Amino acid sequence: MRTSSLRHTCAALAAVTSLALAATACGGTTKNDVKDDGAAASSAGKANPDAALKKGLTVGFLPKQVNNPYFTSADKGGEQALTELGSKYKEVGPSSATDTAGQVSYVNTLTQQQVDAMAVSAQDPGALCTALKQAMKNGIKVVTYDSDTTADCRNAFVSQASAEDLGRTEVRLLAEQIGYKGEIAILSAAQTATNQNTWIGFMKEELKDPKYKDVKLVKVAYGNDDAQQSFQQTQGLLQEYPNLKGIISPTTVGIKAAAQYLSGSKYKGKVRLTGLGTPNDMRKYVKNGTVDAFELWDPAKLGDLAARAAVALVSGRITGKEGETFTAGSTTYTLGKDGVINLGKPTVFDAENIDRYDF
Ligand code: RAM
């Protein structure tokens, strides 16, 4: 049986029986055709850089949260790329960034619907792994984008920028703004979010440098990518730490809510704020003196690259192995360790350049 027809048989089986049962049955009889797990997925077959890009595919996008403007832009980028490549886009996903059970069931739904590939931004890497491995057993290519799982649970990860650069530069930006002195806090998204946790890890590393000896990280708060919770968490931070000098919020929802709180409070211009935000959300807070500088990549370009990586995987141009290359638009990307594909460098926005950006 060829892999593609096998995949459809197995996915159909999954639709009528329990997914686990279907996956076991399919995995057990098709050792040579179908991958057992992500690790096998990466090593199975050889990439053919000259393979024709397949058309007529369906790629499902599953963001952390559908009503988050950041993901609206990212997924729109994915949709445009797929339309251009002659394939179909669909988007499913939870409306809360802490609905991990919801994300798992959306993975299962996409598997049952027999999509060719899925692009997933993980709310919680641990929770998603089993479902993603089942998707891969059914022959579906899995790309994570924005927020990764562990490497064995997907074929490739499309990363917005180097996680280390992002974590370290946010600390550098804030430290400059507060004159390398004082208490600082982090306002993150969900406690389980892979991307935020990785960046925070590098922030802590950066803070070990002796030049930050007078900078003290007092708390990491979690606003769960919810505007109201993020606003309240900012308020709580200032109540708990009245001497706070600065906040880093590595989430577009968090930084916007924190800016909103600060700009309407006595802390405006006194407590510095940086992190990851969209220029359109942050423009007014840069202009009114609440925020000096913050950074981000173009979310639409991230979605575009995730879609192109998914099609390259289905077409066999890449398999997810380090050193493989593929071209998206006019750029050639080389897969790094563990199948990581880096979009590029983020942009730092400030009063001088912010009006040049519209996203
Ligand atoms: C939020 C989400 C997303 C993150 C951006 C910066 O929209 O948490 O995962 O990449 O912020």
### Query
Which members of the stretch 51-92 meet the condition of being among the charged types (D, E, K, R) and either within 16 Å of the ligand (Cβ to nearest atom) or without any contact (Cβ under 8 Å) to a residue 40 or more places away in the chain (or both)?
55, 64, 75, 76, 84, 88, 90, 91
### Message
I need the strands (runs of 3 or more DSSP E) fully contained in the stretch 302-359, keeping only those with at least 2 residues that are touching an Asp or Glu at 6+ places or on another chain (Cβ under 9 Å) and in contact (Cβ under 8 Å) with a residue 12 or more places away in the chain.
### Response
347-350
### Search result, residues across the stretch 133-146 that are in contact with a Pro (Cβ under 8 Å, 6 or more places away or on another chain) and either of a type in the set (Phe, Trp, Tyr) or on the phi < 0 side of the Ramachandran plot (or both)
none
### Query
Can you find even one residue in the stretch 288-297 that is modelled with pLDDT of 95 or more and closer than 27 Å to residue 141 by Cα?
yes
### Query
Would you call residue 169 modelled with pLDDT of 95 or more, surrounded by 19 or more Cβ atoms within 10 Å (Cβ to Cβ) and either in the same structural domain as residue 124 (by TED's automatic domain parsing) or not hydrophobic (A, V, I, L, M, F, W, C) (or both)?
yes
### Message
For the stretch 296-321, which positions are within 16 Å of the ligand (Cβ to nearest atom) and closer than 25 Å to residue 45 by Cβ?
### Response
305, 306
### Task
Identify, from the list 120, 115, the residue that is within 14 Å of the ligand (Cβ to nearest atom), without any contact (Cβ under 8 Å) to a residue 60 or more places away in the chain, assigned by TED's automatic domain parsing to the domain that holds residue 316 and not aromatic (Phe, Trp, Tyr).
120
#### Entry: Test: residue 283 is crowded, with 22+ Cβ neighbours inside 10 Å, in contact (Cβ under 8 Å) with a residue 12 or more places away in the chain and not β-branched (Val, Ile, Thr)
no
#### Entry: Failed item, numbered, when residue 156 is tested on (1) assigned by TED's automatic domain parsing to the domain that holds residue 70; (2) within 12 Å of the ligand (Cβ to nearest atom)
(2)
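The values are calculated or read from the model by the stated rules, or taken from the named source; none is laboratory data. Bear in mind that the values here come from a model prediction, so they are computed numbers and not experimental data. No Cβ is skipped: glycine too gets one built from the backbone with ideal geometry, and neighbour counts run over all protein chains shown.
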